[in-house]
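For reference, the structure discussed in these notes is given below.
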Amino acid sequence: MIVFITGATAGFGAAMARTFAGHGHRVIISGRRVERLQALAGELGAAALPVELDVTDQASIDAALAALPADWQPIDVLINNAGLALGTTPAHESSLADWNTMIATNCAGLVAMTRAILPSMVARGTGTVINIGSTAGSYPYPGGNVYGATKAFVEQFTLNLRADLVGTGVRATNLAPGLCGGTEFSNVRMKGDDAAAAKVYEGTVPLTADDIANTAYWIATLPPHVNINNIEIMPTCQGFGPFAIKRN
Ligand code: NDP
Ligand code: 8X3
């Protein structure tokens with residue numbers, strides 16, 4: 001299989017590249033940090049094709065896809081993984097610029113990548129799109145405001161893809177992890193306050209990037225008649241809280 005992974009310079013994306021390549025598949029590894037892509041490509045050898053790509057920039061997407069060598073063009077699996085959260089403040093104190101960056105990356109970028117690659121999958125009658133959502137898309141929490149909303153978009157967009165793709169041979173999955181450590185997600189969210197990022201996982205045994213990579217691999221290698229619509233994964237240390245009630 002040829003697997004196109006967005007956001008392969010860190011976290012889930014890098015783990016997915018290693019997992020798919022480790023099982024003998026070819027991976028197109030993309031992201032903005034070129035030196036990271038080169039390092040991963042060096043590690044994975046001929047199985048990996050590094051591609052500089054900013055999912056928020058349509059020209060960057062078009063250029064990246066146009067430059068793919070012919071034998072890398074029939075993409076079997078698109079993993080829309082690039083994404084981020086910025087901030088944990090309440091809505092009325094949050095930065096509109098941060099909100100717009102999350103929407104541009106997690107929603108518009110994911111949509112643009114899908115629109116660019118989906119037609120060739122449909123034309124070939126085969127393909128799998130795995131969109132990385134989040135439990136934050138289903139369960140609200142304080143400070144999750146726009147981040148959670150972007151992931152709710154990812155879930156519903158994926159289900160609507162399913163509606164359009166019935167009978168085409170192309171599959172679509174929303175893969176929604178909960179608390180997952182060992183990636184740069186919280187460092188980015190806390191804007192470089194690494195102590196605050198580490199605190200998120202203090203005293204927990206969170207999911208790992210390999211847990212998510214193995215799940216993505218499982219989804220992509222199921223028999224062609226099987227479509228996982230939506231899968232939610234949490235570490236066993238994570239559960240649900242009660243409704244918040246403000247008492248007088
Ligand atoms: P990381 O911060 O470790 O990795 C994020 C990746 O996204 C990086 O490779 C980064 O690459 C890439 N990225 C960000 N913006 C862009 C952009 N504009 N264009 C292209 N690539 C971009 O985070 P995770 O691996 O933890 O997160 C991956 C996905 O999983 C995200 O969508 C996140 O929302 C989701 N998720 C994470 C959870 C967690 O707890 N870790 C739980 C649930 C979901 P670069 O900066 O080089 O461009
Ligand atoms: C990341 C999981 O709980 O930090 O999507 O929002 S959470």
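Structural remarks
- Residue among Leu53, Leu110, Leu40, Leu86 that alone is crowded, with 19+ Cβ neighbours inside 10 Å and closer than 16 Å to Ala213 by Cβ: Leu40
- Whenever a residue of the stretch 75-94 is of a type in the set (D, E, K, R), its partners that are modelled with pLDDT of 95 or more and not in a helix (DSSP H, G or I), lying with C-beta atoms within less than 8 angstrom and at least six residues away or across chains, give the pairs Asp76/Met1; Asp76/Ile2; Asp76/Val3; Asp76/Thr126; Asp76/Gly127; Asp76/Thr128.
- The residue list Glu155, Glu184 contains one member that is closer than 26 Å to Met121 by Cα, touching a helix residue (DSSP H, G or I) at 6+ places or on another chain (Cβ under 9 Å) and of a type outside the set (Lys, Arg), which is Glu155.
- Helices (runs of 4 or more DSSP H) contained in the stretch 170-246 and holding at least 1 residues more than 26 Å from Pro142 (Cβ to Cβ), modelled with pLDDT of 95 or more and in contact with a Leu (Cβ under 7 Å, 6 or more places away or on another chain): 209-220
- Filter pass, Leu96 being surrounded by fewer than 17 Cβ atoms within 10 Å (Cβ to Cβ) and out of contact with any Gly (no Cβ under 9 Å at 6 or more places or on another chain): yes
- One residue stands out in the stretch 185-226 among those that are surrounded by 16 or more Cβ atoms within 10 Å (Cβ to Cβ) and polar (S, T, N, Q): the one that is nearest to Asp76 (Cα to Cα), namely Thr215.
- Given (1) over 20 Å from Thr114 (Cβ atoms); (2) without any contact (Cβ under 8 Å) to a residue 40 or more places away in the chain, index of the condition Ile29 fails: (1)
- Those residues of the stretch 162-186 which are near ligand 1 (Cβ under 7 Å from one of its atoms) and of a type in the set (Asp, Glu), in sequence order: Glu184
- Exactly one residue among Pro140, Pro119, Pro90 is at pLDDT 95 or above, within 11 Å of ligand 2 (Cβ to nearest atom), more than 18 Å from the chain's Cα centre (by Cα) and not hydroxyl-bearing (Ser, Thr, Tyr), and that residue is Pro140.
The values are calculated or read from the model by the stated rules, or taken from the named source; none is laboratory data. The model shown is predicted, which means the values in this text are computed figures rather than measured ones. Cβ: placed from backbone, ideal geometry, glycine included. Neighbour counts: every protein chain shown.
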